[in-house]
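The values are calculated or read from the model by the stated rules, or taken from the named source; none is laboratory data. All figures in this text were calculated on a predicted structure; none of them were measured in a lab. Cβ placement follows ideal geometry from the backbone for every residue including glycine, while neighbour counts extend to all protein chains displayed.
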Amino acid sequence: MTYTQVIVLATPVFAALMALEWWIGHRRGRDTYRLNDAMSSVGLGMVSQLSNFLGRAAGFGIYVWVYDRFAPWWLPVESAWVWLSGLLLYDFLYYWQHRAGHRIALFWAAHAVHHQSEDYNLSTALRQTSSGWIAGWVFYLPMALAGFPPVVFGAVALADLLYQFWVHTQQVGRLGWFDRWFCSPSNHRVHHAVNDEYLDRNYGGILMAWDRLFGTFVEERDDVPCVYGTRLPLRSWNPLWANLQVYAELARDTLHTVRWRDRLLVWLKPPGWRPVDVAARFPRAPFELARVERFDPQTSPRAQAGAATLFILALWGVIWLLWHAHELGIGQMGLGTILALAVLSVTGRLGAGRAGPLQEKGTVPISG
């Protein structure tokens, strides 16, 4: 069974758990779902699975090449300790990839997609980037050099990813000792928050031990409610713009600065860093938590019905493509990706109302 087929089989489970989360939140009077945001997040997950299909294959191919040519030994695939130590090593390397995704602008440009939702629920877990494959594979080459078989690498990578689905919820509270050592809903809520107290913390995929070891762990506080999203808000349901927003901002600063050194640093410095000359010519208002507003444009019932219909059609189409991906050619997968992106872009346009996907109107206070 292929990677994409496992994702397809997991899809009904994801849907059932999201429905359960919505029902629990509704019964408690703490519903964390909005249809427009949830469709945007799941839609970005669809596009990510399609666009990453070839990129993931390329990254896996590099892993196999390094493993075959440069590993001093090949660890036995039949040994349980190889699988357990492989999962542990992968999670350690994931910590550093994840941390780089928040501290280096080039990597943040890809990872920001996952943080753009101003809601926090299980649909947020499915909101994934379409460009993470470009450089993300670099972080896992130590596993190839250590001799972990490609099948072990692929399996533990999938396990680490699937584990993180359940932690994207506000319906599960503190879990005592579990919160101290493992990635949990409480710990990951902190990670998604833009509050000063929480920013750029809790990177671990399965274990919080890495965050404790390297000084990036912070506990969730009752007196500091998490505010979700990004400090440069997306204000759009368009999946193409969601993937390009940060890249566009970095490219704009690169073109406007006069120093060649700063043109490089724009991509290597932490997110938010800007050359002095660019910041002076094109000032950006500082982030203020009290002024954060949730993007929530109001649309007609007809537009909502149209968006939902197109979304369901796109979902079924993507499921079919992912199930048959190993049988299809590059051209067919590429065409399918373009079609899915086009349909989901129309879906996002319908959900954004008359003002369009980049509107500044249609916001509500985050506390609402």
**Message:** Residues to consider are V13, V42, V66; find the one that is at pLDDT 95 or above, β-branched (V, I, T) and out of contact with any helix residue (DSSP H, G or I) (no Cβ under 9 Å at 6 or more places or on another chain).
**Reply:** V13
**Message:** Looking only at the range 9-52, how many residues end up being of a type in the set (V, I, T), farther than 15 Å from L126 by Cβ and not in a helix (DSSP H, G or I)?
**Reply:** 0
**Item:** Condition broken by T124, with the remaining ones in (1) in a helix (DSSP H, G or I); (2) in contact with a Phe, Trp or Tyr (Cβ under 7 Å, 6 or more places away or on another chain); (3) surrounded by 23 or more Cβ atoms within 10 Å (Cβ to Cβ) satisfied
**Value:** (2)
**So P271, is it modelled with pLDDT of 95 or more, buried (at least 16 other Cβ atoms within 10 Å of the Cβ) and outside any helix (DSSP H, G or I)** = yes
**Request:** Could you list all residues from the range 176-205 that are in a loop (DSSP other than H, G, I, E, B), within 28 Å of L89 (Cβ to Cβ) and in contact with a helix residue (DSSP H, G or I) (Cβ under 7 Å, 6 or more places away or on another chain)?
**Result:** S184, Y198, D200, R201, N202, Y203, G204, G205
**Request:** Being of a type in the set (S, T, Y), under 19 Å from V42 (Cα atoms) and at pLDDT 95 or above narrows it down to one of T309, T337, so name that one.
**Result:** T309
**Asked** Has the range 278-290 got at least one residue that is out of contact with any His (no Cβ under 6 Å at 6 or more places or on another chain), surrounded by fewer than 15 Cβ atoms within 10 Å (Cβ to Cβ) and within 23 Å of Y33 (Cα to Cα)?
**Response** yes
**Prompt:** List pairs: first in the range 321-347 and among the aliphatic types (A, V, I, L, M), second outside any helix (DSSP H, G or I) and surrounded by fewer than 20 Cβ atoms within 10 Å (Cβ to Cβ), Cβ under 9 Å, 6+ apart or cross-chain?
**Reply:** L321/L328; L322/T2; A325/T2
**Message:** Among the residues of the range 226-241, are any closer than 17 Å to R99 by Cβ, of a type outside the set (F, W, Y), modelled with pLDDT of 95 or more and surrounded by fewer than 20 Cβ atoms within 10 Å (Cβ to Cβ)?
**Reply:** no
**Asked** Is there a residue being within 30 Å of G334 (Cβ to Cβ), part of a helix (DSSP H, G or I), among the aromatic types (F, W, Y) and within 16 Å of the chain's Cα centre (by Cα) anywhere in the range 91-99?
**Response** yes
**Asked** Can you tell me which residues in the range 164-196 are touching a residue at least 24 places away in the same chain (Cβ under 8 Å) and surrounded by fewer than 14 Cβ atoms within 10 Å (Cβ to Cβ)?
**Response** R174, D196
